[in-house]
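The values are calculated or read from the model by the stated rules, or taken from the named source; none is laboratory data. Keep in mind that this is a model prediction, so the values were computed, not measured. With ideal geometry, Cβ positions are generated from the backbone for all residues, glycine too; neighbour counts draw on all protein chains shown.
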Amino acid sequence: MRKQKAPSKGKGVQKVRALFLLLRPVNFLMVAIAVFLFALGAGGSIYCATISALSAAFISGAAQAINDYYDYDVDLKESKPRHVLVKYRLPRRFALYVAVVSYAVGLALAALLTLAHFVTAALAILLTYVYSARMRGQKYVGNAVVALLVGLSFVYGGLCGRVVLSYFPAFLAFLATWAREVMKDLEDLGKDVGKKTTLPIIAGKHMSAYFAAYLLILAVFFSVFPGPGGFHLFGRYYYPAVVVADLVFIASALYIIRGHPREAELTCKAGMILAIVAFGLGLLP
């Protein structure tokens, strides 16, 4: 009698690991923490803060997965592919399944909250899908859309209470994210030529680098206003913490001007994490 082949455990482990990585765990956590903090800071309940944080994080993860789905053919041709599907030799549809389920979870969680949460979540889903499906070739527009979505996540948390308190941090997040997106395009300039239309391709490396640096310095400049001496949005712990984040952003700006996009992008991401910490500390009484 012919023996049946035992199921491969390795393949199952790969799928679980790929599922985890497709959702971009660091970004997932950053979005969840930011939304949670601003929901509480706006006067929202623990319930609303938790549900809105999970909803935003799953929609963010879905956006990453759907982007990998549409970028699959491009990444397949790279000698050193970075995307999860190619690395783990998984079919393209795997990312689509992950995206659809994550979108559904995010929208279902939003439905447990207010109508404003549901409409905002639906808008975010639409924008992330359109970005991946229609704007991959016009990344100079897509960069601003990504930045808008990151800023929108702060507002999403603010909907749990006094949403007006989230507008200013959302604006700062918009500036920093737009700068980071341009940095990533500078890093990928060689691979994007002939495939995508990015700001570095249109305006050149130097102009794009200075534009990214300008956005960061603008964010640093405005970040000093919302403390107790400014708009009274944050408490006394905000200023010491935001100074650290601002110094990291300035370092990122220097990196990009000097032609080191990879270092600039990683430093900018670190600055964004520190800025979220500063916002959180600023919400303490």
- Message: Looking at Ala203, Ala264, Ala251, Ala270, can you tell me which residue is out of contact with any His (no Cβ under 6 Å at 6 or more places or on another chain) and either surrounded by 23 or more Cβ atoms within 10 Å (Cβ to Cβ) or on the phi > 0 side of the Ramachandran plot (or both)?
- Response: Ala264
- One residue from Gly161, Gly151 being touching a Gly at 6+ places or on another chain (Cβ under 6 Å), modelled with pLDDT of 85 or more and within 28 Å of Val242 (Cα to Cα): Gly161
- Task: Select from segment 28-49 the residues that are at pLDDT below 90, surrounded by 22 or more Cβ atoms within 10 Å (Cβ to Cβ) and among the small types (Gly, Ala, Ser) and list them in ascending order.
- Result: Ala34, Gly41, Ala42
- Leading residue by the ranking (surrounded by the fewest Cβ atoms within 10 Å (Cβ to Cβ)) among those in segment 156-189 that are free of Cβ contacts under 8 Å to residues at least 40 places away in the same chain and among the aromatic types (Phe, Trp, Tyr): Tyr167
- Could you check Asp68 against (1) modelled with pLDDT under 85; (2) in a helix (DSSP H, G or I); (3) more than 16 Å from the chain's Cα centre (by Cα) and say which number it fails? (3)
- Is segment 258-281 home to any residue that is over 19 Å from the mean Cα position of the chain (by Cα), under 19 Å from Val31 (Cβ atoms) and outside the structural domain of Ser153 (by TED's automatic domain parsing)? yes
- State yes or no: is Ser52 at pLDDT 75 or above, of a type in the set (Ser, Thr, Tyr), closer than 25 Å to Thr114 by Cβ and surrounded by 22 or more Cβ atoms within 10 Å (Cβ to Cβ)? yes
- Residues of segment 206-227 that turn out to be modelled with pLDDT under 90 and either more than 23 Å from Ala42 (Cβ to Cβ) or surrounded by 14 or more Cβ atoms within 10 Å (Cβ to Cβ) (or both), as a count: 3
- Message: For the structure I just gave you, tell me whether Leu19 is in a helix (DSSP H, G or I), surrounded by fewer than 22 Cβ atoms within 10 Å (Cβ to Cβ) and at pLDDT 85 or above.
- Response: no
